[in-house]
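A quick write-up on the structure given underneath.
Nothing in this text is a laboratory measurement; each read-out follows from the coordinates by a stated rule. These figures come from a predicted structure and were not determined experimentally. Backbone-built Cβ (ideal geometry, glycine too); neighbour counts: all protein chains shown.
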Amino acid sequence: MSDNKLKGIKNGNCNVTACQKPGATFYNKSTEAYYCADCAEQINWPGGRAEVMELYGTPLLCEEERDIVQELADITLELMPTHPRYAEVTNRAYNTLTDLYLMKFEYECLKLTVEELEQEIREKSQTISNLHWANDTHQMGSA
Ligand SMILES: [Zn+2]
């Protein structure tokens, strides 16, 4: 069950043949391929770090390359992790960078109350649903 086109590429499958877990984000400077977190941890074993330091000037052979979307998703989750509607909406907003920026900006700069934020989220949620609906329709049409 392997897809060679995805093996070892960024956000594809782990480069370890026996693993091939999806979502590989750890770049290996030696093989120039991407690995999952578990395999990267094994490759970064403490005993090999001195040699890696000599070769590459950093102790870890595999280092994570995170996408801006992942970074922003984490930032927004940190802002309001307890709000009941928050996770639901941010999950849907992950593909919409503008939305993550807007939410972060509004919460940090305008210090919205929970009620105001809830209203914003309700409106954005509607927009995001419409966007997704439009994208889905487009993809179906072009397939
Ligand atoms: Zn792996």
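Mind listing the long-range amide H neighbours of Ala33? Cut-off is under 5 Å, sequence gap 5 or more, other chains count too, H placed in the peptide plane at 1.01 Å from N.
Asn28
Sequence-distant or interchain residues sharing an amide H contact under 5 Å with Gln20, placed H: which?
Distant-sequence amide H within range of Gln20: Cys14.
Let me check against my output: what whole-number percent is the relative contact order of the range 1-65, with C-alpha pairs under 8 Å and at least 6 apart?
Numbers: 119 pairs, mean separation 17.0, N = 65.
Across the range 1-65, relative contact order equals 26 percent.
Separation between the Glu32 and Leu55 pseudo-spin-labels, each 7 Å from Cα along Cα→Cβ, expressed in nm?
1.4
Sorted by mean Cβ packing within 10 Å, highest first, what order do the peptides 49-57, 13-21, 32-40 take? All intermediate terms of the calculation are to be shown ahead of the outcome.
Details: 49-57: 11.9, 13-21: 17.4, 32-40: 19.0.
Going from most to least packed, we get 32-40, 13-21, 49-57.
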